[in-house]
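**Student:** Input: one structure, supplied below.
Every number here is computed from the coordinates shown, using simple stated rules; none is lab data. Keep in mind that this is a model prediction, so the values were computed, not measured. A quick note on method: Cβ atoms are made from the backbone with ideal geometry, for glycine too, and the neighbour counts reach across all protein chains shown.
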Amino acid sequence: MRNIKIAPGEYYHVLNRGVNKQLIFHDDSDKIRFLFLILYFQSPVEFPQIGRSIKSFVKHRVFDINKETQQKIVKAKFVELTSFCLMPNHFHLIMKEVEENGTARYMQRVLNSYTKYYNTKYHKSGHLFQGPYKAVHVSNNKQLLYLSTYVHRNPRELKEWKNKESDYPWSSYQDLISKNRFEELLVFDIINGQFENKDEYDEFVKTSPAKLLED
């Protein structure tokens, strides 16, 4: 499935899109569902009642997961999520593999769970995503920084979010330049730690060249 070897301690750009570029997120509840999965499926901890957490986020913009459960996830992570962006027909993740085969386990959990949810909700069957996810090794620090810029500027593709991508609720941009909504479930020190402050990173994203070093 992969044409690269994924190794612990290394960072990767993981992405996928819908079959034939079809929508994979039709409304906010779909995005909230996928957001829950990429955050809380970083470890083997099971969640039998995801729907309740989704309803909590719809009402209060927080998932009702207690601190004890969150710490279990943090201690048992097989990947570490660094950045993300959810677009109508595709998604981007930047992550670090923590355990051997962690990325494969994580993506299998996330994509299988979301596909099952999507097919049930929209009365579909079969594949939702365009084949196996793509994983690109982040080989150096410059690539990592420009990749984060590329990911966080993705909402510019949407007319209503052009030049307002820092406010886009379905990416980690706002978490890097303001308050981290997801605490230890979103670890971006490798990026923010290279700037004097959050404003400097914000300026870096906004002023980086149009031709970005994605992969």
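**Student:** For the chain, what is the calculated [θ] at 222 nm in deg cm²/dmol (nearest 500), taking -39500 (n - 2.57) for each run of four or more DSSP H residues and dividing by its residue count?
**Tutor:** -11500 deg cm²/dmol
**Student:** Roughly what would the spin-label model give for Phe195 and Glu100, points 7 Å off Cα along C-beta, in nm?
**Tutor:** 3.7
**Student:** Under a crude label model (7 Å from the Cα following the beta-carbon direction), how far is Glu46 from Tyr122 in nanometres?
**Tutor:** 2.9
**Student:** Same structure again: Put +1 on the Cβ of every Lys and Arg and -1 on every Asp and Glu Cβ in the stretch 11-207; which of Ile50, Pro169, Ala135 then has its Cα farthest towards the positive end of the dipole?
**Tutor:** Ile50
**Student:** Okay, next question. Can you give the Rg to Rh ratio for the chain, taking only C-alpha atoms and Rh from Kirkwood?
**Tutor:** Working: Rg = 16.5 Å, Rh = 17.7 Å.
With Rh from the inverse mean 1/r over Cα pairs, Rg/Rh is 0.93.
**Student:** Counting trypsin sites (Lys or Arg not before Pro) as exposed when in a DSSP loop with at most 14 other beta carbons within 10 Å, what is the longest stretch of the chain free of them?
**Tutor:** Segment 62-123 is the longest.
**Student:** While we're here: Once you put a point 7 Å from the Cα of Val19 and another 7 Å from the Cα of Arg61, both along the Cβ direction, what distance in nm separates them?
**Tutor:** 3.6
**Student:** Follow-up. Determine, for Ser148, Ser208, the number of other Cβ atoms within 10 Å of each Cβ, and report the residues in order from fewest to most. Intermediate results must be reported in sequence, preceding the final value.
**Tutor:** On the way: Ser148 29, Ser208 17.
Taking fewest neighbouring Cβ atoms as first place, the list is Ser208, Ser148.
**Student:** Moving on. From largest to smallest, what semi-axes in whole angstrom does the stretch 34-97 give when each is the square root of 5 times an eigenvalue of its alpha carbon gyration tensor? Intermediate values should be presented prior to the final figure.
**Tutor:** Details: eigenvalues 71, 64, 17 Å².
Result for the stretch 34-97: semi-axes of 19, 18, 9 Å.
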